[in-house]
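This report concerns only the one structure given below.
The values are calculated or read from the model by the stated rules, or taken from the named source; none is laboratory data. The structure presented is a predicted model; accordingly, all values stated were derived computationally and were not measured. Don't worry about glycine lacking a Cβ; one is built from the backbone with ideal geometry, like all the others, and counts go over all protein chains shown.
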Amino acid sequence: MTLRRRVLSRRAGLDQPLEVNLELAAASMLSPFWWEAEWNERRWWQGWALMFGERVEAKVRQACPGCRPGWWYAAGRVPPVPLLGEEPGPETLLARDCVTVGGVRHWRLGRGWQVCQAEHLRQIGEVDGAEWTRYRAWRRAGFPCDYRLDEWPHESAGYFVHLCY
């Protein structure tokens, strides 16, 4: 894709509101109400990010310090949040908390199963000291969810998955 085409695509997406299910997948840890087949491709997420990525990223950084949006993981910008032990088998109910994008498995199991997302991002150098301080304040406050969906801007997203604790 040429630079001109990227700029035009991005401009076209700036004013377009995101559909709730897609925004939840992109912003939270790939946790929408339902999953669409095209979302299994890394290239799809990379293309989506050209239009909407910056907007969703800014909203996540403001609402959830120390976190990054799910599209970062799906597009391959950062490695998946690691598990603390072995992967749950496909025969368990925990298998439903995993999506595979571009051959990479992304788990949403949370405390006891995975490294805290903010700690993982700090370990790989993505979260600096100032953001870490904001994360710790957010954690002390009980992780209040203040992410605002495009379609419901006047209320916080009730269903928002992050892997911090």
Could you give me the residue pairs with C-beta distances under 7 Å whose first residue belongs to segment 46-62 and is within 17 Å of CYS164 (Cβ to Cβ), whose second residue is aromatic (Phe, Trp, Tyr) and surrounded by 17 or more Cβ atoms within 10 Å (Cβ to Cβ) wherever it lies, and which are 6+ apart or on separate chains? LYS59/TYR147; VAL60/TYR147
Check whether at least one residue in segment 136-157 is over 20 Å from VAL20 (Cα atoms), touching a helix residue (DSSP H, G or I) at 6+ places or on another chain (Cβ under 6 Å) and not β-branched (Val, Ile, Thr), and report yes or no. no
State the number of residues belonging to segment 104-123 that are in a loop (DSSP other than H, G, I, E, B), over 14 Å from PRO80 (Cβ atoms) and at pLDDT 95 or above. 0
Tally, over segment 66-84, of residues that are basic (Lys, Arg) and either surrounded by 21 or more Cβ atoms within 10 Å (Cβ to Cβ) or touching a strand residue (DSSP E or B) at 6+ places or on another chain (Cβ under 6 Å) (or both): 1
Suppose the filter is within 16 Å of TRP71 (Cα to Cα) and out of contact with any Phe, Trp or Tyr (no Cβ under 9 Å at 6 or more places or on another chain); does GLY103 pass it? yes
Residue pairs within 8 Å by beta carbon, gap of at least six or interchain, first lying in segment 116-133 and touching a residue at least 12 places away in the same chain (Cβ under 8 Å), second of a type in the set (D, E, K, R) and buried (at least 17 other Cβ atoms within 10 Å of the Cβ), listed first then second, are GLN117/ARG68; LEU121/ARG68; GLU126/ARG68; TRP132/ARG122
Being at negative phi, acidic (Asp, Glu) and assigned to a loop (DSSP other than H, G, I, E, B) is the requirement here; does GLU126 meet it? yes
Hey, any hits in segment 33-53 for a residue that's closer than 25 Å to ALA137 by Cβ, at pLDDT 95 or above and of a type outside the set (Asp, Glu)? no
Number of the condition not met by ARG96 [criteria: (1) free of Cβ contacts under 8 Å to residues at least 24 places away in the same chain; (2) assigned to a loop (DSSP other than H, G, I, E, B); (3) closer than 23 Å to GLU41 by Cα]: (2)
Identity of the residue in segment 103-123, surrounded by 15 or more Cβ atoms within 10 Å (Cβ to Cβ) and small (Gly, Ala, Ser), that ends up nearest to VAL161 (Cα to Cα): GLY110
